[in-house]
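One structure is given below, encoded as structure tokens.
The values are calculated or read from the model by the stated rules, or taken from the named source; none is laboratory data. Since we're looking at a predicted model, the values are computed, not measured. We place every Cβ from the backbone using ideal geometry, glycine too, and count neighbours over all the protein chains shown. To get the accessible areas, we keep the full protein, side chains included, count just its heavy atoms, and leave off ligands, DNA and RNA. Shrake-Rupley method; radii C 1.70, N 1.55, O 1.52, S 1.80 Å.
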Amino acid sequence: MKRPLAIVVSLSLFSFVLANEPAPPKTQQLQPTKLISAEKFADQSAFGVKGKPGANGWRAGIGEWTIVDGAAYEKSERPSEKRPNGHEAVCEVVTDLGDLVLTGEFKLGDSPQVGFVCRDTNQPNHHLGRVVITPKAIWIQKMSGIAKETRREELTRVAAEIDPKAWHTVTVEVSGDRWIARIDDITLEAQHERFADRKGRVGMVARGDGAQFRNLALWDAKQPEAAK
């Protein structure tokens with residue numbers, strides 16, 4: 001018996017969605033549960049328009065964000081009367097999460113520093129924490145405040161050789177008061193009560209110009225039953 005065309009089309013679309021949804025990553029502490037967003041950054045629609053999210057929830061905030069060679073490409077905000085020192089480029093998903101897993105790929109290019117970040121649910125959202133990556137080092141820092149009130153405290157750092165011209169992988173787990181970051185085969189862990197606050201924004205930042213990002217995915221997550 002032949003299926004009605006509408007059902008065939010519907011089944012085909014359902015299969016397409018499943019085929020393109022990223023598989024949950026290998027994690028150390030958390031079990032990914034609900035996929036919040038998955039974005040390849042293949043075209044400009046990924047960013048939406050200024051102040052509004054793109055198709056998969058990503059907002060191009062401060063700085064200039066474009067698509068170059070199938071990946072997000074950033075330029076930091078230039079100095080202005082509002083911000084005399086300029087500002088790093090920022091792109092985030094607005095959400096409301098406790099434990100989470102973030103994965104993706106990045107290339108430093110000419111940027112001296114990139115980071116994968118969380119902010120809290122205050123209005124405006126205050127900085128909460130981030131993993132920072134440079135060509136020579138990786139560190140995790142806890143944060144608080146916003147704008148001129150921003151405060152940061154480095155919790156752990158390792159020396160690392162990060163090729164600016166190569167693509168690298170990142171997996172971030174924020175599990176209660178623990179932050180675990182894996183960049184390629186390098187893993188860092190840090191602990192601070194600040195990390196347990198709910199996360200209202202999650203994303204990436206970069207200084208200077210030229211960093212690229214692709215295949216970003218964000219999951220809600222939970223502690224495995226055996227770990228409770």
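Over all alpha-carbon pairs of region 54-209, lay out the pair-distance distribution in 10 Å bins, whole %, shortest bin first.
P(r) over region 54-209, rounded to whole percents: 11, 42, 38, 9, 0.
Provide the solvent-accessible area of E189, counting protein heavy atoms only and rolling a 1.4 Å probe, rounded to the nearest 10 Å².
Surface accessible to solvent at E189 totals approximately 90 Å².
Give me the one-decimal nm value for the distance between modelled label points at A196 and Q113, 7 Å along each residue's Cα-to-Cβ direction.
According to this spin-label approximation, the distance is 2.9 nm.
Tally Lys and Arg at +1 and Asp and Glu at -1 over the other residues with C-beta under 13 Å from the C-beta of L35: what net charge comes out?
Every neighbour counted, the sum reads -2.
Work out the length of the dipole vector of the chain about its Cα centre, built from +1 on the beta-carbon of each Lys and Arg and -1 on the beta-carbon of each Asp and Glu, and round it to the nearest 20 debye.
That gives a dipole near 440 debye.
If you average the sequence gap of Cα pairs under 8 Å that are 6 or more apart and divide by the length of the chain, what percent do you get for the contact order?
Result for the chain is 28 percent.
Of S144, G203, V114, whose Cα points farthest to the positive end of the dipole of region 94-228 (charges on the beta-carbon: +1 Lys, Arg; -1 Asp, Glu; origin at the Cα centre)?
Farthest along the dipole direction, towards plus: S144.
Quick one: if you stick a label point 7 Å off each Cα along the C-beta vector at I146 and E21, how many nm between them?
Taking the two extended label points, one gets 3.3 nm.
Which entries in the list K82/K148; K142/K199; K40/K142; K136/K199 go over 19 Å, if you measure between the two C-alpha atoms of each?
The answer is K40/K142; K136/K199.
Taking the Cβ-Cβ separation of A159 and V94 as r and a Förster radius of 35 Å, what is the calculated FRET efficiency to the nearest 0.05?
The value I calculate is 0.50.
Decide, for region 118-167, between rounded, prolate and oblate: order the square roots of the alpha carbon gyration tensor eigenvalues as a ≥ b ≥ c, take rounded if a/c falls under 1.5, and otherwise choose prolate if a/b is larger than b/c, else oblate.
prolate
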